[in-house]
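The structure under discussion appears below in the form of structure tokens.
Just so you know, all these numbers are worked out from the coordinates, no wet-lab data involved. As the structure is a prediction and not an experimental result, all values here were calculated from the model. Note that we place each Cβ from the backbone using ideal geometry, even for glycine, and neighbour counts take in every protein chain shown.
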Amino acid sequence: MSGSLTYKGQPIKAGTMAFHTPEGTTYAAQISTDGTYSAADLPEGELVVTVNTEHLNPARKPPAATGRDTEKRMKMMQSRQQPQGSAVVPDEPYIKIPEKYSNPKTSPLTITLQSGRQVHNFDLD
């Protein structure tokens, strides 16, 4: 299965998709920088589709760390100091989408797969 993924008509250029069976099995797919995805070996039948981009959010706070973790992190950051004036550019563009799309219990996205190659485009609103 393959297709494209957009949010309000604009391509979602990074993130992950998951296809959930009624039994609870999950199949993952990566979203490409051109807004397309491809997933192999999906089972036939109805699947709930979820989309997650939040792990790419540059404003997302890291989990709370212990004193020992903080010390290690500080040493690592000091060893990776960037030259003054250089900007950190994220590897993948982040697009915020509504949280409902990331949870299989609230995602309105579903597909019914049959055997063979299929193309399905998703437009989130």
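Selection of segment 98-125 for residues being surrounded by 16 or more Cβ atoms within 10 Å (Cβ to Cβ) and either in contact with a Lys or Arg (Cβ under 9 Å, 6 or more places away or on another chain) or assigned to a strand (DSSP E or B) (or both) yields SER107, ILE111, LEU113, PHE122, LEU124.
Here the condition is being over 13 Å from the mean Cα position of the chain (by Cα) and closer than 14 Å to ASN103 by Cα; of GLY24, GLY45, it holds for GLY24 alone. Restricted to segment 1-43, the set of strands (runs of 3 or more DSSP E) holding at least 2 residues that are buried (at least 17 other Cβ atoms within 10 Å of the Cβ) and among the acidic types (Asp, Glu) is empty.
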